[in-house]
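Scroll down for the structure; my scribbles are underneath it.
Nothing in this text is a laboratory measurement; each read-out follows from the coordinates by a stated rule. Please read all numbers here as calculations on a predicted model, not as lab measurements. For neighbour counting, all protein chains shown are included, and Cβ atoms are generated from backbone atoms with ideal geometry for every residue, glycine included.
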Amino acid sequence: MSYFTQNSLLSFLGYPVSLQTFLPLSAPSLHFTMDWQGQKLAEQIMQIMLLVFAVTAFVAGYVLGSFQMMVLVYAGGVTLTGLITIPNWPFFNRHPLNWLDPSEAEKHPKPQVTVSSKKKGFKR
Amino acid sequence: MHSFGYRLNGLLTFAVTILALMCAITSLSDNFNTPSPSAEIKIMNINWFQKQPQGHDEVSLTMNVSADLQSLFTWNTKQVFIFVAAEYETRKNSLNQVSLWDAIIPAKEHAKFWIHTSNKYRFVDQGNNLRGKKFNLTLHWHVMPKTGKMFADKIVLTGYSLPEEYR
């Protein structure tokens, strides 16, 4: 699949695709980003899910009288949490930051910063 | 939580920290268990009682140990290590403890048992003080947890004594 058809397919599926996701045709993995809101959400989900699974695992183990059950439930919970919070799922990128297009940036040059000398006062 | 590796590291660190907390609470839950073990040891026979070439007394005896240690097991118990020790006093030492037999109980089902055995380890004295000696047989147990604190306790059974003369 050529890059352009790949891109258009992904944007059709709802994955935000920007010029920043320029990839060589040989790249095997798709690199998506998480926006800032998504990162915060991912961290919150991870902490809450791990705590909930820890409590559930302990209660299950205590009630059933089985240490192995506690460890298994917790291990399953950790794996599930990892699957939800670690990869860059699209729902973590619902507030993407749209960077300025390069051709647009050239039309508005950066303001020049005047260099002024500053003296640092010594306290005696 | 910026990149894949960063999130993976964060998740694993937090998960392991919480696991450590879970293990600590599990160990604390063992304190709620009030065990009520019972044991009985009968000496069936004194096989022989001799003075060794180096001058130390040695006894060989056959005993019948029966015990119910099921209440020691909790969900956090890996195994219970038990041993029978003979305890007595001599002029030289106020307390002598000689381990005669031990065993590992791996599960609750095996904790109610009886065994007819001769002493697994040699009952040798430091000297020749054993003739007519009164001694206690103590059943010690160590409850080894899957995680956390190990509990140890014992039952003292009194009233045993050795023959007056060598056999």
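Points worth noting:
- From most to least packed by mean Cβ count within 10 Å, the peptides B:16-23, B:78-85 give B:78-85, B:16-23.
- Euclidean distance of C-alpha centroids, the range B:48-106 and the range B:15-45, integer Å: 22
- Cut-off under 5 Å, modelled amide H: who pairs with B:LYS133 long-range: B:LEU162
- Ranking B:GLN79, A:GLN44, A:TYR62 by Cα position along the charge dipole of the protein assembly as shown, where only Lys, Arg, Asp and Glu carry charges on their C-beta atoms, puts A:GLN44 farthest toward the positive end.
- Likely footprinting exposure, B:TYR121, A:TYR62, fewest C-beta neighbours within 10 Å first: B:TYR121, A:TYR62
- Annotation: extensible slack from B:LYS154 through B:GLN126 equals 7.7 nm (criterion: 0.36 nm per residue apart, minus Cα-Cα distance).
- Space enclosed by the convex hull of the alpha-carbon atoms of the protein assembly as shown, per residue, Å³: 348
- Residues A:ASP35, B:ASP125, B:ASP57 arranged by fewest to most Cβ contacts within 10 Å: A:ASP35, B:ASP57, B:ASP125
- Low-density loop cleavage sites - GluC sites (Glu not before Pro) in the range B:62-167, where at most 16 other Cβ are within 10 Å (DSSP): B:GLU89, B:GLU164, B:GLU165
- Pair A:GLN68, B:PHE81: separation of 7 Å Cα→Cβ label points (nm): 2.4
- Taken residue by residue and averaged, Cβ atoms of other chains lying within 10 Å of the Cβ of B:144-152 number 1.
- Neighbour-count ranking [beta-carbon atoms within 10 angstrom, fewest first] of A:SER103, B:SER3: A:SER103, B:SER3
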